[in-house]
Amino acid sequence: MRAGNAFIEVTPRFWAGVVGFTILGYLSMTRSFAYLGVRALNVFIGEVVLGLFLLTRTRDILGKWAGALTTKARLSQFSWSYYLFLGYGVAQLLRGIVAGYSPLTALQNLVFNVYPLYIFIGVWLGSLYPNYLGKFIRLLAWVNGVYGLLYLAVLDPLSGGASSAGDDQIALFGQPAGSALSILGLLCFETRLRRASLPLLLNAFMMLALMVRAEWLGFAIGFAIWGILSRKLGKMLIGAGAIIVLLGAGYLADFSMPAPSGRGGQISTRDVIGRGLSAIDPEVASGYSESAAITAGTVEWRKTWWEAIWNSVHETDTGTLFGHGYGFPIADLVTYLKNGNIRTPHNIFFFCLAHGGWIGVILFFAFQLTIFRLHWLTYKLTKQPFGMAYLAMCVSGACFGNFFETPFGAIPYYLITGLAIAPLQAKAEQAYVSSRFKNYSHQQAHVYGLELFHGATGRSAP
């Protein structure tokens, strides 16, 4: 460590390792990784990483954000949208505290608005290491696939389900959640899919075995977007074929094994089909899976909760516009969750509506639209469809799961988003350096340009 453009400066190579470790941890171990830290102080690994980056690379977050707010740049629209989104979150925090809600719960809700700062970390790192994202996806595919098998066969049974951690029950080994991303990423970045056949199959098996319907829906939509933009029918058929082969082989072999803790039922082709159908037609699903009634019930209790949120918000004009504010105990709106510790309705629309009203919903989805625009411009520049497909997968899946309001969903999403749009920012910076320093030698322009854009402060070169 040495003095530099922040309080402390750490080398980019160090941050490349930290970011990779952080994304791997969140995607492979999810909730158990998220709770690494000092629980008594409510300081966890996500907050530590962001705080350390703010201390060591201050200009690369706050400086670049401020620069985009005050000048016309690629990130300007995104930065202004995030400025409004974050400001609204702070207002809802204050509103909730004044209303007498739990200040701790209100702060936990606020991180929903803070997590997008990770995009700037991803942009900065992706600009320094253009091949970082592709290499990381290959590593993730192996780690998630191998860890997933260990989780099913050894780690989940060994942990005995969960270990007590205060009011929450935190599993000792978290359930992996990187299978859909691994498959989608390999299809986008791997030039020879035959070399990646084993991690593809491993992650396809894990995605089916964990039976997370929101992940299935998100992957199906992201996969379709990738197929449309890439126009590579062969790869599309390979990806679909891998899943069909696994289902068919499991059906013929009558394969089954106990499902992970909290999922219920068995891991088998019939149970996978039954779980998927239970959200549409529970009666038909019961012909495939004995646990179809249970899985259909999870849909019903959520729909009842969503209806209660809708009704409570629309009782008053203030609630319709601004929601209940951060810290509001949304679980108390239904009797079967009353006094529970669930802070998310597993639907991003109803999360925004409950706490921020229709203004909160509009601000969130408008913010995601600015990210969509950056992905689209990146696709036009590079012809790489990953960003577009990834955004579609995550936003659609978040409508039926706890994604943007949890660290193990939001933090990887915003880091990977920053990495995905980095080529667009790098192109803009290179163009500016070329025009700004056209009378300098190539070496001088490169050095001065990096100094200028390192913090996006608008400082003139000497």
*What are the residues in region 73-99 that are free of Cβ contacts under 8 Å to residues at least 40 places away in the same chain and closer than 20 Å to Leu369 by Cα, if any?*
Ser76, Ser79, Trp80, Tyr83, Leu86, Gly87
*asked:* Can you tell me which condition Leu55 does not meet? The list is (1) closer than 23 Å to Leu363 by Cα; (2) out of contact with any Ser or Thr (no Cβ under 8 Å at 6 or more places or on another chain); (3) touching a residue at least 12 places away in the same chain (Cβ under 8 Å), and all the others hold.
replied: (1)
*Residue in region 1-44 that is farthest from the chain's Cα centre (by Cα), counting only those that are among the β-branched types (Val, Ile, Thr) and at pLDDT below 90*: Ile8
_Test: Arg59 is assigned to a helix (DSSP H, G or I), farther than 28 Å from Ile348 by Cβ and in contact with a Gly (Cβ under 8 Å, 6 or more places away or on another chain)_ = yes
*asked:* Residues that are assigned to a loop (DSSP other than H, G, I, E, B), surrounded by fewer than 21 Cβ atoms within 10 Å (Cβ to Cβ) and out of contact with any Leu (no Cβ under 7 Å at 6 or more places or on another chain): does region 172-185 have at least one?
replied: yes
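Give the number of residues within region 322-336 that are surrounded by fewer than 20 Cβ atoms within 10 Å (Cβ to Cβ) and within 20 Å of Ala398 (Cβ to Cβ). Don't jump to the end; show me each part of the working.
So in region 322-336, the residues surrounded by fewer than 20 Cβ atoms within 10 Å (Cβ to Cβ) come out as 329, 331-332, 334-336.
From the residues that got through so far, the ones that are within 20 Å of Ala398 (Cβ to Cβ) too are 331.
Selection size over region 322-336: 1.
This table checks each residue for (1) under 30 Å from Leu186 (Cα atoms); (2) buried (at least 23 other Cβ atoms within 10 Å of the Cβ).
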residue	(1), (2)
Asn311	no, no
Val361	no, no
Phe365	yes, no
Gln368	yes, no
Lys380	yes, no
Gly397	yes, yes
*Only residues that are closer than 14 Å to Gln384 by Cα, assigned to a helix (DSSP H, G or I) and of a type outside the set (A, V, I, L, M, F, W, C): list them for region 221-235, please.*
Gly222, Gly227, Ser230
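Tally up the residues in region 21-31 that are farther than 13 Å from Asn144 by Cα and surrounded by fewer than 21 Cβ atoms within 10 Å (Cβ to Cβ), please. Outline the logic, then answer.
Step one: filter region 21-31 for residues farther than 13 Å from Asn144 by Cα, giving 22, 31.
Now drop any that are not surrounded by fewer than 21 Cβ atoms within 10 Å (Cβ to Cβ), which leaves 31.
Matching residues across region 21-31 total 1.
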*Taking interchain pairs and intrachain pairs at least six residues apart, which have beta carbon atoms under 9 angstrom, with the first residue in region 100-126 and farther than 21 Å from Gly67 by Cβ and in contact (Cβ under 8 Å) with a residue 40 or more places away in the chain and the second assigned to a helix (DSSP H, G or I) and of a type in the set (S, T, N, Q)?*
Ser102/Gln108; Ala106/Gln92; Asn109/Gln92; Leu110/Gln92
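Picking from Tyr379, Tyr414, which residue would you name as being over 19 Å from the mean Cα position of the chain (by Cα), on the phi < 0 side of the Ramachandran plot and modelled with pLDDT of 95 or more? Steps first, please.
On the way: Tyr414 fails: over 19 Å from the mean Cα position of the chain (by Cα).
Tyr379 is the lone residue from the list that is over 19 Å from the mean Cα position of the chain (by Cα), on the phi < 0 side of the Ramachandran plot and modelled with pLDDT of 95 or more.
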_Anything in region 339-358 that is surrounded by fewer than 18 Cβ atoms within 10 Å (Cβ to Cβ) and not aromatic (Phe, Trp, Tyr)? List them, or say none._
Asn339, Gly340, Asn341, Ile342
*All but one of (1) touching a Pro at 6+ places or on another chain (Cβ under 9 Å); (2) aliphatic (A, V, I, L, M); (3) surrounded by fewer than 22 Cβ atoms within 10 Å (Cβ to Cβ); (4) modelled with pLDDT under 90 hold for Met211, so report the exception by its number.*
(3)
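The values are calculated or read from the model by the stated rules, or taken from the named source; none is laboratory data. Source: prediction; values computed, not measured. Neighbour counts are summed over all protein chains in view; Cβ atoms, including those assigned to glycine, are modelled from backbone coordinates with ideal geometry.
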